[in-house]
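To start, the structure itself, in structure tokens.
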Amino acid sequence: MRSCWQTFTILLLLLTRLSLTLLAQGPLVQEIELEGRVTDQLGNALPDARVELFHNNSGTKDKPLQGANSGPDGRFEIRAAEMGEFDLRAEAAGFRTVKIPVSIRRSGNSEIQIQMQLSKRQESITVTADATAADVFSPDPAEKVFVRQDLLDANPGHPGAPVSIPGYPVETASGGIKAPQYFAPGVAGDHGEPIAQYIAVGDYLVPNNLSANAHGNGYSDPNMLIPEVLESAQVDGGAFNVREGNHAVNLAATYGLRSRLDPFMTLTGDYRDIDVAAGLSPSPESWVAFSASYGNGFLERLEHRQQYKLNGERVFRTGQHQVTLFSVGYYGLSYVPGLVPIPAANSGNANSPNLGDTIDPRQKDQTHTTLVALNDVWQLSGSQQLQLSGFFRTYNLSLYSDFGQGLIRQSEFRTVAGGNATYANKLSEYLSLLGGFDYEREAPRRDDLDRYGFFTPSAPTYYGPFTSVDANNVTIGSLTPYIAAEGAVAQYLRYYAGWRYDQIDLVNDDLLRTQNSFRKRVGVNSPKAALSFLPKDSWYVPLLSLSFGHAFFTADPRIGTGTMAGTPIATSRSYQFAASKTIHKTDVRVTLGHVTSSAELAKIDPDTGLQLNEGPSRLRFMTISMRRSFRLGSLLTTFSKADARDLATGQPTPEAPRTIFDLLGTIQKLPFRLQVRGEFEYVGTKPLGTGCNPASLGAECIGTSVKEFRGALVRPFLSGRLDAGINVLIASGYTGQTTETLYPSDIQEVVGVRVPSCASVAVTYRFGRSFRP
């Protein structure tokens, strides 16, 4: 801890010294600030447009004097070193390049308005994904958080979490190799199984959940994405959209990708870790990025973490077709820190040994994946669109973990393939139709669970007797038709009505107990509906939305060491009511939610191989969020309270967060041209089950609260080509909290992975534009 803060202090002093040195090199030139706003042809704010300043009548090959990207509200700011006649050039994907003359005076410069027109090659484009928008593709404004680049940059991230979505805490208890677990208010599930996750390739939602994984249902792994390629993250009520099916019980998260990358290289590191990322755009509508990481973390247990990522995208246009190709390659390996007893949370058990950072230093994870996805948007007319899409993915997982009863080995190799056809037609303002088919086939092979003996500190390399607990070949196939209608009932009242039917085939070939093999076909009907009141901005009344939907997730079909086939599909009913209003340029939103889920017998206990019963359950939550963009920065805060219970017993649902508070902000203009970005996250204490108190085994086990502040202090140099900064993590608490019985005790204890505080330095260099129009 001391070395971490020493590193932070030294880096801060070096950055300040560098700034003062550059200032002392000569007299300061009083720069002239130019402010402006970029909009589309309808007057809507156009974010992430590139605006550059050139000498008057300069050629296209001349280097720009200054440049900036427009923010979420379309606004930009450029600093000029001299007065005179200049040209401003603005570029944005899907729009024609705009070039306008500007006269720069010492003072009194008026705000510059730049209006951009759609490119002739493209008849329609989604300019914004406003949190209050409603259409046939995104029908429910009840629970939607749209995070653009300025807020994504506010979190410097940490291994395994490419993006921290404001209001949805993320846990990475495994050193960043296994998938992180995202929490929504009250959501409880192994690796966030009620949360569907997608990658937006063109307009195709590529599913990123892996069903019936060796380490939990609905395993979604964003590790394969390089943070710099992410342009946005959107979270909405997944239960209410016909396009969002499996695992969308509570909500769905979609990662949006950039349309281009200016050539860059980023180096982030400290005395134990180093990460490098680089990317460029070979053409106006393509990009490729590479990332490599190596590190040991800040715990006593050395992680020896390695991660290698390759991401790329290319857009092809021919006639009325826009084809998007996206591909991924990822490999990760780490000796991970392990769960250790949390002293403050133990209920009377004083026999816990001092285990340092892990109860078993043999723990490790290894995973690799590849993904290829293709989306063809065929614009049949101005109101009709046909999309044809598909993807293929491989995934491998091999991990050794100690869950208290011995070392567990879980491994699998799977292939996943899917296709989609979607037709949309806006007949009028009162009726838009959408219909389509989804197909997906997951094939995990050698989905194994093995158990070794107890860990003996005197013999750290001894694995003990080998026991094969479970081994299965599983196939999960689904064919899903869906249809939806959306439109205006009246001038300010909109409706959405949809239905999807998932025909799911499950094949479980038990390689150890052939009598447990089975084939089963299950049909799931999922009606969807939303009714929204969208008033004028000038009215005092807020936006109101009421939504209802059925949802489901595929459970683990393996029987393990049990005696009966488990529940193949767990279903839910979701209701939401939301009210939002912009008050004094601040977006305020209140969401109320009620979700009931069916019972399931499916999850496999990693210690015993036995199935676990869960539910029926009920979740209620309230979320209040406020968002505001300033000329010099932005601010977003979220507060959530929830209650989740087992309806059969009345007991709280273990590991479901009850209180979440998140505050995220950016300030782009400080003395010495410093920029600051930060996020504070608080997750309150969570109930973790029963069995911690020796006097009463039915007593509830209670975890501890987690507080994290992630921040970055950045300064641009060389006219914005070089950014140098410091990333900090100030943390208190334990991630991955759960309960385990540690040998030789028979009393459960609260365990977790300590979250250490740390600091690192980050340097980004931009090489200039990859292409010229």
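The values are calculated or read from the model by the stated rules, or taken from the named source; none is laboratory data. If you're wondering where the values come from, they're calculated on a predicted model, not measured in any experiment. Here Cβ is always computed from backbone atoms with ideal geometry, including for glycine, and neighbour counts include all displayed protein chains. These area figures cover heavy atoms from the full protein model, side chains too; ligands, DNA and RNA do not enter into them. Shrake-Rupley method; radii C 1.70, N 1.55, O 1.52, S 1.80 Å.
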Legend entry - Net +/- balance of residues flanking L388 in space, Cβ distance below 13 Å, scoring K and R +1, D and E -1: -3
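Rounded if a/c is under 1.5, else prolate if a/b is larger than b/c, else oblate: which is the range 403-520, with a ≥ b ≥ c the root eigenvalues of its Cα gyration tensor?
On the way: a/c = 4.49, a/b = 2.66, b/c = 1.69.
Prolate is the answer for the range 403-520, as a/c is 1.5 or above and a/b outweighs b/c.
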Inset, instruction - In whole Hz, with x marking every Gly and Pro, tabulate ³J(HN,Hα) for the range 648-660 from phi via Karplus 6.51 cos²θ - 1.76 cosθ + 1.60, θ = phi - 60°. - result: 6, 10, x, 6, x, 6, x, 6, 8, x, 9, 9, 10
Inset, instruction - Measure off 7 Å from each Cα along the Cα-to-Cβ vector at T456 and D509, then give the distance between these two points in nanometres to one decimal. - result: 3.9
Inset, instruction - Take A421, project a point 7 Å from its Cα along the Cβ direction, then tell me which residues of the range 358-379 have their backbone nitrogen under 19 Å from it. - result: 374-379
Inset, instruction - Pop a pseudo-label 7 angstrom from the Cα along the beta-carbon direction at both R721 and T659 and give the gap in nm to one decimal. - result: 5.1
Inset, instruction - Provide the net charge surrounding T637, with neighbours chosen by a C-beta distance below 13 Å and charges set as Lys +1, Arg +1, Asp -1, Glu -1. - result: -1
Inset, instruction - Pop out the ³J(HN,Hα) list for the range 405-414 in order, Karplus 6.51 cos²θ - 1.76 cosθ + 1.60 with θ = phi - 60°, rounded to Hz; leave Gly and Pro as x. - result: 10, x, 6, 9, 10, 10, 8, 5, 9, 9
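Give the residue list of trypsin sites (Lys or Arg not before Pro) in the range 652-703 that are DSSP loop and have at most 16 other beta-carbon atoms within 10 angstrom.
Answer in residue order: K669.
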Inset, instruction - Hey, can you find the accessible area per residue of the range 346-463 for me, probe 1.4 Å, expressed in square angstrom? - result: 42
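So which chymotrypsin sites (Phe, Trp or Tyr not before Pro) in the range 518-558 are both in a DSSP loop and have at most 11 other Cβ atoms within 10 Å of their Cβ?
When the chymotrypsin sites (Phe, Trp or Tyr not before Pro) of the range 518-558 are filtered for loop state and at most 11 Cβ neighbours within 10 Å, W539, Y540 remain.
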Inset, instruction - Net charge near K669: determine it from the other residues with C-beta under 9 Å of the C-beta of K669, scoring Lys and Arg +1 and Asp and Glu -1. - result: +1
Legend entry - Loop-located trypsin sites (Lys or Arg not before Pro) in the range 538-594 whose Cβ has at most 15 other Cβ within 10 Å (DSSP): K585
Inset, instruction - Mind checking the full-extension length gain between L302 and N69? Use 0.36 nm per residue of separation minus the Cα-Cα distance, one decimal, nm. - result: 79.9 nm
Legend entry - For the range 561-630: relative contact order, % (alpha-carbon pairs under 8 angstrom, 6 or more apart): 34
Inset, instruction - Could you work out how far apart the two model spin labels at A695 and I104 are, taking each label as a point 7 Å from the Cα in the direction of the beta carbon, and quote it in nm? - result: 7.5
Legend entry - Gain in span if fully extended, L431 to I702, counting 0.36 nm per residue against the direct Cα distance: 92.5 nm
Legend entry - Residues whose placed amide H lies under 5 Å from that of S705, excluding near-sequence neighbours: T685
Legend entry - Cut-off under 5 Å, modelled amide H: who pairs with M116 long-range: T39, D40, Q41
Inset, instruction - Search the structure for amide H atoms under 5 Å from the amide H of L65, placed 1.01 Å from N in the peptide plane, and list their residues when 5 or more places away or on another chain. - result: L53, F54, H55
Legend entry - Estimated Rh, the range 522-674: Kirkwood, alpha-carbon pairs, angstrom: 18.9
Inset, instruction - Starting at the first residue of the range 699-714, write each ³J(HN,Hα) from the Karplus equation 6.51 cos²θ - 1.76 cosθ + 1.60 with θ = phi - 60°, in whole Hz, x for Gly and Pro. - result: 5, 6, 8, 10, x, 10, 6, 10, 10, 9, 10, 10, x, 9, 10, 10
Legend entry - Accessible area of the range 255-397 belonging to carbon and sulfur atoms, whole % at 1.4 Å probe: 61
Inset, instruction - Can you tell me the FRET efficiency between Y271 and F413 if r is taken as the Cβ-Cβ distance and R0 is 45 Å, rounded to the nearest 0.05? - result: 0.75
